């Protein structure tokens, strides 16, 4: 079985501040982990993905995430928030042998000028 | 390259009516997925096609939902008769790689927002 928990349904940060969106997963086998972003009135867009190898993964728009097996976490970070980062972010997991992705409940990021 | 196209983008129907959602995947993507997000909750898996075959339909809520993918190209998702709890956003995604969607993950459409009143 696989599951994802995103802590905080809403996160507010000031423009220029650090963005930290938390994600913990559960998987019985080594997981593939994803962060997707949904901008208003748009579809889901892949931000970054971890499969194997380097545990620090860099994605688009300056985001990165680190896979920590011991903590079963895959938190998303960005050093400096921009107004255009305001969106909803979804963490997701796909375990080996599964052909479907399980999503978290999403975190809405608000960036305050 | 055209992305995943879904239509309609919005649909408002009355309880008991029938609605059909359509998804056109990226050309050449054998894997097609339907997901649904009910207001404020997680995005939940509905089913997975490989070409025209249903690989996994374990997420389909009940027999009021019927998905088809004739010829392995576009897919339709019919809800008949619709109930209030069917309201939500229905996403379609496609990929070449079925395990995690390959290097680019899944490519999602913009979704269809279904409101049942």
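Side notes on the structure shown:
- Shielding of peptide B:36-45 by partners, expressed as the average count of other chain Cβ atoms within 10 Å per residue Cβ, is 4.
- Contact order normalised by residue count of chain B, Cα under 8 Å, 6+ apart, percent: 36
- Among B:36, B:113, the ranking by other beta carbons within 10 Å of each residue's beta carbon, starting with the fewest, stands as B:113, B:36.
- Look at A:60, B:26 and count the other Cβ atoms within 10 Å of each Cβ; fewest to most, that gives A:60, B:26.
- Antiparallel bridge percentage (DSSP; both residues within the protein assembly as shown; nearest 5): 90
- Extending 7 Å from the Cα toward the beta-carbon at both residue B:73 and residue A:83 defines two label points whose distance is 4.4 nm.
- Each part gets one Cα centre, and for the stretch B:31-69 versus the stretch A:31-50 those centres are 19 Å apart.
- Taking other C-beta atoms within 10 angstrom as a stand-in for reagent exposure, A:20, A:44 fall in the order A:20, A:44, fewest first.
FYI, it's all coordinate maths here, none of it is from the lab. Nothing here was measured: the structure is a model prediction, and the numbers come from that model. All Cβ positions, glycine included, derive from the backbone under ideal geometry; neighbour counts span all protein chains shown.
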